[in-house]
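Scroll down for the structure; my scribbles are underneath it.
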Amino acid sequence: MIDTKNIILRSIEANDLRRIAALAREDRKVLSCLVRLAYDKDTLVGWRAIQAIGQASCELIATDLDYLRETCRKLIWSLSDESGGIGWSAPEIIGEIASADPKRFKDFIPLIASVYEIEEDVFRGGVLYALGRIARSAPELAVSYQKIVIASLVDRDPLVKVRGLELVGLLWSYGKRSAVWSREYEDRIITAVQNLAMDKGEAWIYRGDCFTSVLVGEEATICINKLI
């Protein structure tokens, strides 16, 4: 596994996530290595490992569904007090795994959403990221978490606000079209987003292939243009 790990690290440094996905197809234990690398979200290696997990899961979904689900169960466990550890990146990782086929992981979605409510608020950005990954292909499985969406837009953490704005953008069309969101709720969303337009908060976020500084107010302006 040492050679495989070195290959994974070199591929991550080159941002060659397709190569990692191909390795995972040959050896599903590559996923375990990626999970370990993904726990440091303050580094390029950590975030690229998180995204590589999503691509690897797409390769494994047809042949190793049980293995992926067991990985999710372990990640959920890592968030509990009984685990003896803290699954710092567990929400993001589960979101990436579930994005490979959200319907097959729909039982994990309420579990990861519930993490938003726990005392350790450091997980809130990760929960929103996970819901966003799911919303990209299966908005119907994320649209009902209205309480989380509203709460994110008034959170004190700029990162949480930015992730909340991203999620609004992903869910808005489906929420309106499906009538899951009431007109009253839509108005609340619009008001909350408009209230962030002058927010000077700054978040440091991994986007594309690097970290970038994002201003809450600028993200809110982009978001509101999509809504009205």
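If R0 is taken as 30 Å, the Cβ-Cβ distance between ARG183 and GLU120 corresponds to a FRET efficiency of 0.30. Inter-part distance, the range 1-71 to the range 194-227, computed on C-alpha centroids, equals 29 Å. When the pairs LYS29/LYS74; LYS74/LYS226; LYS29/LYS161; LYS5/LYS161; LYS29/LYS103; LYS29/LYS106 are compared against a 26 Å limit on Cα-Cα distance, LYS74/LYS226; LYS29/LYS161; LYS5/LYS161 fall above it. For the range 148-228, state what percent of all Cα-Cα pairs lands in each successive 10 Å bin, counting from 0 Å until the bin that includes the largest distance. It works out to 19, 53, 23, 4, in whole percents. Using a simple spin-label model with pseudo-atoms 7 Å out from Cα toward Cβ, ALA22 and GLN146 lie 4.8 nm apart.
Per-residue ellipticity at 222 nm for the chain, helices alone: DSSP H runs ≥ 4 residues times -39500 (n - 2.57), over residue total, nearest 500 deg cm²/dmol?
Numbers: 12 runs with 144 residues, N = 228.
It comes out at -19500 deg cm²/dmol, rounded to the nearest 500.
Work through the residues other than GLY169 whose Cβ is under 15 Å from its Cβ and net out their charges, Lys, Arg +1 and Asp, Glu -1.
On the way: positive: ARG133, ARG136, LYS161, ARG163, LYS176, ARG177, ARG207, LYS226; negative: GLU166, GLU186, GLU218, GLU219.
Result for the local shell: +4.
Entry note, the range 104-228: relative contact order of 21 percent, from Cα contacts under 8 Å with a spacing of 6+ residues. Counting neighbouring Cβ atoms within 10 Å and putting the fewest first, the residues ILE228, ILE109 line up as ILE228, ILE109.
The trypsin sites (Lys or Arg not before Pro) of the range 170-224 that DSSP puts in a loop, and whose beta carbon has at most 11 other beta carbons within 10 Å, are LYS200. Shape analysis of the range 1-102 places it in the oblate category; the axes a ≥ b ≥ c from the Cα gyration tensor give an a/c of at least 1.5, with a/b not above b/c. Kirkwood radius and radius of gyration were both taken over the C-alpha atoms of the chain, and their ratio Rg/Rh is 0.98. Loop-located GluC sites (Glu not before Pro) in the range 100-202 (DSSP state other than H, G, I, E, B) with a sparse environment of at most 14 neighbouring Cβ atoms within 10 Å: GLU119, GLU120.
Rounded to the nearest 10 degrees, the inclination of helix 2-13 to the longest alpha-carbon principal axis of the chain is 30 degrees.
Quick note: the coordinates plus some simple rules give every number you see, no bench work behind them. A quick note: this is a predicted structure, and the numbers were derived from the prediction, not measured. Heads up, the Cβs are rebuilt from the backbone with ideal geometry, glycines too, and the neighbour counts pull from every protein chain shown.
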